[in-house]
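Engineer: I'd like to ask some things about the structure below.
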Amino acid sequence: MKEKILKELYTHQGKYVSGEELSEKFQVSRTAIWKHMNNLKKQGYTIETTHKKGYRLVETTEKLIKEALKEHLETEEIGQEILCFDSIDSTNNYCKKIAKDAVHGTVVISEEQTVGRGRLGRNWSSPKGEGIWMSIVLKPSIPPTEGMKMTQIAAASVCKAIREITDVEAYIKWPNDIVVGGKKVCGILTEMAGELHKIDYLIVGMGINVNNQEFPEEFQGIATSLTIQKGKKIDRKTLILCILKTFEELYQHYICQGTLEKTLEIIRLYSAVLGKTIRIIKGEEEIKGKVLEINDEGLLKVQLEDGRQEMLISGEISIRSENGY
Ligand code: BTX
């Protein structure tokens, strides 16, 4: 019911809707409507109430509203189902719970994550209202070995969208980070469920620092946000819409053509590592190498210090620049 009322308020585009109209439409008492409005207010929606005119949703760019996103969505399958939460443990976790019955392309967004996750059990700081903490459920008919290509599609989409919407010079740090000025502005976590030869579903989680003004002390040298880089607030809704549109274009190209070509064009153009010397960290081991190419499968070809050449697969590897993050 709360959802239906919200939709009704949203479709009236900032105009008043009377309690009587709502109670007739949804066949509930005016007191029930009033209670739902109070709950929505508690959730953070700004709803103006006057005795004579009724209720009016004041659209703020502060909060992500499903109806507002859907209204401007330019995709066919990604985001046809969107779920927005105020607070959740992790959008990836939630996707896992619903994935079996969820339609392909379902998008889950939360204003905050209380247990946001990075790779290998690391944490992801996801403070309320400041970033985009979002996951997409995908159900492609591809072998599990291809699953990690979704990380690349996501990285290319986020990087391109950031550049288009904010003009911030974002780069892709293979395999799963977007960096600005050498600091991390976005991390991507792809998780998969299925059997040896068949994927049941994939979850692509994106954590983007958008309007964060500051970071916990432990991330201060390594994290940044778009607002810090741009010097002004960024509209999260516009950025999300652009990411979903770009993601769908790249995803469909990959599924229909069977190549990562379009994605790799972006990854190579905005690569933070191509041609650079990097430190490759795998567990306790750390080696240096020069990045020679990103091949057509999206793998990183590096020349190691001892002269050997190696293909890096994203999995358990972290890479850092030569002197720092
Ligand atoms: P990662 O393992 O590459 O990066 C995690 C590391 O990044 C942490 O150990 C910490 O040092 C640093 N870090 C933590 N929070 C932030 C932050 N907000 N900004 C910059 N650096 C940070 C990257 O993993 C993958 C992150 C995916 C996050 C999304 S959010 C939506 C979805 N749900 C979920 O639980 N995870 C994904």
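The values are calculated or read from the model by the stated rules, or taken from the named source; none is laboratory data. Nothing here was measured: the structure is a model prediction, and the numbers come from that model. Note that each Cβ is placed from the backbone with ideal geometry, even for glycine, and that neighbours are counted across all protein chains shown. Accessible surface is based on the protein model in full, side chains and every heavy atom, while ligands, DNA and RNA are left aside. Shrake-Rupley method; radii C 1.70, N 1.55, O 1.52, S 1.80 Å.
Engineer: Hey, Glu261 hits all of (1) loosely packed, with under 13 Cβ neighbours inside 10 Å; (2) over 30 Å from His72 (Cα atoms) but one; which does it fall short on?
Structural biologist: Single failed check for Glu261: (2).
Engineer: Would you check which residues across the range 172-197 are more than 10 Å from the ligand (Cβ to nearest atom), open to solvent by 10 Å² or more (accessible area, probe 1.4 Å) and not in a strand (DSSP E or B) and list them?
Structural biologist: Scanning the range 172-197 gives Gly181, Gly182, Glu195, Leu196, His197.
Engineer: Kindly list the number of the only condition in (1) farther than 29 Å from Gln257 by Cα; (2) open to solvent by less than 10 Å² (accessible area, probe 1.4 Å); (3) outside any strand (DSSP E or B) that fails for Gly221.
Structural biologist: Looking at each condition in turn, Gly221 falls short on (2).
Engineer: Quick check on Val115: is it within 16 Å of the ligand (Cβ to nearest atom) and more than 20 Å from Leu244 (Cβ to Cβ)?
Structural biologist: yes
Engineer: I need the helices (runs of 4 or more DSSP H) fully contained in the range 2-99, keeping only those with at least 3 residues that are closer than 28 Å to Gly131 by Cβ.
Structural biologist: Fully inside the range 2-99 and qualifying: 2-11, 30-42, 66-72, 91-98.
Engineer: Separate question: With respect to Ile222, is the statement that it is outside the structural domain of Asn176 (by TED's automatic domain parsing) and either touching a helix residue (DSSP H, G or I) at 6+ places or on another chain (Cβ under 7 Å) or within 16 Å of the ligand (Cβ to nearest atom) (or both) true?
Structural biologist: It is false that Ile222 is outside the structural domain of Asn176 (by TED's automatic domain parsing) and either touching a helix residue (DSSP H, G or I) at 6+ places or on another chain (Cβ under 7 Å) or within 16 Å of the ligand (Cβ to nearest atom) (or both).
Engineer: In addition: Considering only residues of the range 100-132 that are among the β-branched types (Val, Ile, Thr) and either assigned to a strand (DSSP E or B) or open to solvent by 30 Å² or more (accessible area, probe 1.4 Å) (or both), which is farthest from Ala68 (Cα to Cα)?
Structural biologist: Result: Val115.
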